[in-house]
Amino acid sequence: MDATLVAGWEALCQQLAPAFTRPTFVTFLHIATGWVLCRSRPTVTNLVCTIGASLLGHVAKHWTVYERFFYRAAWSLEEVSRLLLVRVIAPLVQDQAVEQVIDLKIDDSTCGRCGKHVAYAAYFKDASASNVLKTVVHWAHNWVIGCAAMRPKRWPSRVLGLPVWFTLYRKPKDCDRKHPFQTRQQIAAEMILRTREALPDWTIRVAADGQYATKVVAKAASGIGSNLVSRIRSDAALYALPPRRKRHKRGRRPKKGKRLPTPKRLAQRKNGWKTVEALVYGKRVKRRVLSIVCLWYHVCKGQPIKLLIVRDPTGQQADDYMFCTDPSVRDAEVIERFAARWPIEETIHDGKQLGGFEQVQGWCPRTVVRQAPMAMIVQTLVKVWYLRHGVKATSAQPKGTDWSADKDHSSYLDMLATLRKAIWTHRINMKSLPWQRVRELWKTLQFTLCAAA
């Protein structure tokens, strides 16, 4: 069983082979597997020590080969992301759903770094540590991340995030002719366009926070069946749909109707509210909604939008203001898709806490752009492997304790533990290995366990 699980992991990594040369792919397979097994900071030194003398039937290479993989080897992160989407994520989504729909969630996050010579590092606001009374600014990198979200058949109430696009935001002083300056919104729009180019026959449904509710993102998300769900400003300038032009009347057709009250003023209405039931954060809840089809001319020009004012009947939460660029989308679906942005927050959290997303040590420009995203690529590969192979292998599942309750779904840590157990069981087979090989594996395992402590 463990050999089958490990073969499934190698076959999944093989889907990304066209992005590398043959020797470089073997290096990538070693790094990805070592990244899974490493329990400490994923530096090249720790990865080499975790890999040991041999790994998955391949002889380990010199340690300098693994360093050159990030700053010299000929491979493109954009091509790896495209293959990850087309050959790994899309087939999984097709198996789990009937329609060809990609739910793309976009957000950005800072990753703290040390050292003034680290390429592209600058002072950025840490949104997770800042609040109304205090703004935290730290020396960091700022990554814009695109995440494909899906509901597995095994856990229909849970939304699983699969990171696929990774772009480092650079301040103007770090840009040049080869890499012109782009805002975070322009980077997000480029991710949407790349997704549509990679999957031209699929519907792209985008969900992002309010800072991405801009012209460039709304334009990129427009298309047949594609739309954007995001927050709208409480003081947004809204207009009614343009009135019908009277017959035989001369002059230009009006682009917009009369000015409407702001969303905050519209929320004071007494009439027009209705109750809907939506799946929010894994629970079925009831919400009062006020839906209005109008124009947000500043962002979407003449394209009608659906404004949705969402109110908690219990009064525990403040009113929320959302919009969708497709007015035909159901009210409950808008609420569910906006709430389904949470998996990208979990993805970033798991990448930092368990994958070493902000613990890499590279400082030169090419290494900075390539090394940190490897933590997210490995995360997607682990999740897809678990849904395809690991979830079926009960013998490889991590054992719980007598006092811990059973989970209704597996966390990313559980998925990592399952794959780690399968790989270690496959590597350490006392009955079929000579004593010298056992000593080499014990040295590798001892390093891994001590690093975990």
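The values are calculated or read from the model by the stated rules, or taken from the named source; none is laboratory data. This is a predicted model, so every value here is computed, not measured. Cβ coordinates were reconstructed from backbone atoms using ideal geometry, including for glycine residues, and neighbour counts include every protein chain displayed.
Results, tabulated for the structure shown:
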{"quantity": "Which numbered condition LYS116 fails, given (1) loosely packed, with under 13 Cβ neighbours inside 10 Å; (2) part of a strand (DSSP E or B); (3) among the basic types (Lys, Arg)", "calculated": "(2)"}
{"quantity": "Residue match in segment 247-262 (condition: part of a strand (DSSP E or B) and among the hydrophobic types (A, V, I, L, M, F, W, C))", "calculated": "no"}
{"quantity": "Meets criteria (in a helix (DSSP H, G or I), buried (at least 17 other Cβ atoms within 10 Å of the Cβ) and modelled with pLDDT of 90 or more) for ALA32", "calculated": "yes"}
{"quantity": "Residues (surrounded by 10 or more Cβ atoms within 10 Å (Cβ to Cβ) and either within 34 Å of the chain's Cα centre (by Cα) or free of Cβ contacts under 8 Å to residues at least 12 places away in the same chain (or both)) located in segment 240-265", "calculated": "ARG245, THR262, PRO263, LYS264, ARG265"}
{"quantity": "Any hit, segment 287-301, residues being more than 27 Å from LYS215 (Cβ to Cβ) and in contact (Cβ under 8 Å) with a residue 24 or more places away in the chain", "calculated": "yes"}
{"quantity": "Filter result (buried (at least 20 other Cβ atoms within 10 Å of the Cβ) and farther than 16 Å from SER109 by Cβ) within segment 141-151", "calculated": "ALA148, ALA149, MET150"}
{"quantity": "Residue ID - surrounded by the most Cβ atoms within 10 Å (Cβ to Cβ), chosen from residues in segment 85-113 that are closer than 17 Å to GLU333 by Cα and modelled with pLDDT of 90 or more", "calculated": "LYS105"}
{"quantity": "Test: residue in segment 426-440 that is among the acidic types (Asp, Glu) and either more than 22 Å from TRP35 (Cα to Cα) or modelled with pLDDT under 65 (or both)", "calculated": "no"}
{"quantity": "In segment 319-338, the residues that are of a type outside the set (D, E, K, R) and crowded, with 20+ Cβ neighbours inside 10 Å", "calculated": "TYR321, MET322, PHE323, CYS324, THR325, VAL334, ILE335, PHE338"}
{"quantity": "Those residues of segment 306-320 which are hydrophobic (A, V, I, L, M, F, W, C) and in contact (Cβ under 8 Å) with a residue 40 or more places away in the chain, in sequence order", "calculated": "LEU307, ILE309"}
{"quantity": "Count of residues meeting criterion [part of a loop (DSSP other than H, G, I, E, B) and either in contact with a His (Cβ under 6 Å, 6 or more places away or on another chain) or under 21 Å from ILE204 (Cα atoms) (or both)] in segment 306-328", "calculated": "4"}
{"quantity": "Residue within segment 342-365 that is over 21 Å from ALA129 (Cα atoms), outside any loop (DSSP other than H, G, I, E, B), modelled with pLDDT under 95 and not hydrophobic (A, V, I, L, M, F, W, C) present", "calculated": "yes"}
